[in-house]
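J.: The structure that follows is given in the form of structure tokens.
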């Protein structure tokens with residue numbers, strides 16, 4: 001049975017709190033770096049060495065005004081997380097979007113990103129979601145394009161202060177992707193943390 005033929009899992013979503021910082025950091029690192037990330041298709045292990053984040057950074061993100069970390073749960077099991085931050089009156093940034101590598105390709109990411117967009121729209125009153133993606137990650141850009149994001153052509157250098165992330169290839173750049181959100185849906189699927 002392929003991942004595409006499996007039934008869609010029931011997911012719930014809740015806002016993270018400080019007690020979630022270490023599990024979020026572990027999940028993010030497992031999805032982006034090292035051998036564990038190779039179990040999924042979102043790995044950056046061939047582009048960057050070192051940790052993607054740590055509990056201290058997650059705590060800082062949780063404390064930011066106009067921001068939240070949203071958790072994706074299957075039962076009581078943490079299977080995904082995302083950072084959402086209002087950046088202006090009509091826009092929010094979506095970052096650190098992860099699904100556990102061994103569960104990637106089964107539809108969780110599709111459900112989770114749709115929920116994150118609905119929740120950000122309701123929480124922040126936004127109309128536009130944006131993100132940055134490493135330009136050489138064509139499969140990841142294509143994934144987001146299938147979710148309605150479009151390439152803007154806006155490029156940014158890979159940050160020199162990326163915490164524990166150390167580029168292993170030269171000249172990494174980020175591209176801004178954006179999606180204009182439909183306000184016809186209202187979320188009722190997040191619990192406050």
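J.: Give the residues of the stretch 81-105 that are touching a residue at least 60 places away in the same chain (Cβ under 8 Å), in a loop (DSSP other than H, G, I, E, B) and surrounded by fewer than 19 Cβ atoms within 10 Å (Cβ to Cβ), sorted by residue number.
T.: Result: 105, single match.
J.: Do we find that residue 161 is surrounded by fewer than 18 Cβ atoms within 10 Å (Cβ to Cβ), modelled with pLDDT of 95 or more and closer than 23 Å to residue 55 by Cα in this structure?
T.: no
J.: Any idea which of (1) closer than 22 Å to residue 104 by Cβ; (2) crowded, with 17+ Cβ neighbours inside 10 Å is the one residue 126 doesn't satisfy?
T.: Looking at each condition in turn, residue 126 falls short on (1).
J.: Right, another one. Collect the residues in the stretch 108-123 that are within 24 Å of residue 33 (Cβ to Cβ) and surrounded by fewer than 20 Cβ atoms within 10 Å (Cβ to Cβ), keeping them in residue-number order.
T.: 110, the sole residue that qualifies.
J.: Which condition number in (1) within 16 Å of the chain's Cα centre (by Cα); (2) in contact (Cβ under 8 Å) with a residue 40 or more places away in the chain; (3) not in a strand (DSSP E or B) is the one that residue 122 fails?
T.: It fails just one condition, (1).
J.: From 8, 1, which residue is modelled with pLDDT under 80 and more than 17 Å from residue 109 (Cβ to Cβ)?
T.: Unique residue meeting the criteria: 1.
J.: Would you check which residues across the stretch 15-70 are closer than 15 Å to residue 100 by Cα and out of contact with any helix residue (DSSP H, G or I) (no Cβ under 7 Å at 6 or more places or on another chain) and list them?
T.: Hits for the stretch 15-70 are 23, 26, 27, 28, 29, 32, 33, 34, 35, 38.
J.: How many of the residues making up the stretch 28-61 are in contact with a strand residue (DSSP E or B) (Cβ under 6 Å, 6 or more places away or on another chain) and modelled with pLDDT of 90 or more?
T.: Of the residues in the stretch 28-61, 2 are in contact with a strand residue (DSSP E or B) (Cβ under 6 Å, 6 or more places away or on another chain) and modelled with pLDDT of 90 or more.
J.: For the stretch 71-103, enumerate the residues that are in contact with a helix residue (DSSP H, G or I) (Cβ under 7 Å, 6 or more places away or on another chain) and more than 19 Å from residue 55 (Cα to Cα).
T.: The answer is 86, 92, 101.
J.: Now for a different question. Looking at the stretch 41-59, which of its residues are part of a loop (DSSP other than H, G, I, E, B) and either under 14 Å from the mean Cα position of the chain (by Cα) or closer than 15 Å to residue 133 by Cβ (or both)?
T.: Those that are part of a loop (DSSP other than H, G, I, E, B) and either under 14 Å from the mean Cα position of the chain (by Cα) or closer than 15 Å to residue 133 by Cβ (or both): 41, 42, 43, 44, 47, 52, 53.
The values are calculated or read from the model by the stated rules, or taken from the named source; none is laboratory data. These numbers were taken from a predicted model, which means no experiment stands behind them. Backbone-built Cβ (ideal geometry, glycine too); neighbour counts: all protein chains shown.
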